[in-house]
Each structure stands twice: as C-alpha cells, then as structure tokens.
Amino acid sequence: MQRAAYGTYIDGQVYFDEPTPKVDNAKVIVVFLEKEQKKPELMDIFKLYGAWEDDRSADEIISQIHESRTTRTDIQL
C-alpha cells in the first residue's frame, strides 16, 4: 500500500502536517519540492482589518486623491 504524507523538513527533521498511520517496517521516500515560504500568523491577518485612521478631513483626503491622479496623453491606440 502506498500513501502520501506531507510535511516540512527543518534542520534534519521531518514534521508531518497531519498524524501519520502506524506502519511497521515501512520504506520512506522524501522528495524536496521547494523551499516553503513562511505562513502568515493569524495575528498578521488581523492587522489588515480596522477603521481608517487619519488626522485629515475628508475634503483634504479627497483633494489629495484628485491631485495624485495623472492623465497620459502619450498613449496611442
């Protein structure tokens, strides 16, 4: 019987993503797929939420948005 068990290799140790079945005298193949990117912590995601905080008035914010817009007249279709 062949089964796949996924995990992460760190400093010479394999850490499985889920509990693995108990199998006696099993042969194992380790395949290095890619270097894993750090998964964001749950608290990092919460930093994206919340109310807009700014000391400027709504008119000042709107004015800045309008001033930052550009038009491009050098584009030819």
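The values are calculated or read from the model by the stated rules, or taken from the named source; none is laboratory data. Predicted, not measured: the structure shown is a model, and the values here were computed from it. In this analysis, Cβ positions are derived from the backbone assuming ideal geometry, glycine residues included, and neighbour counts consider all displayed protein chains.
What the table below lists for this structure:
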item: Single condition residue 17 does not satisfy, out of (1) surrounded by 10 or more Cβ atoms within 10 Å (Cβ to Cβ); (2) at pLDDT 80 or above; (3) under 18 Å from the mean Cα position of the chain (by Cα); result: (1)
item: Where a residue in segment 46-60 is of a type in the set (D, E, K, R) and its partner, wherever it lies, is surrounded by 10 or more Cβ atoms within 10 Å (Cβ to Cβ) and at pLDDT 80 or above, with Cβ under 7 Å and at least six apart; result: 54/61
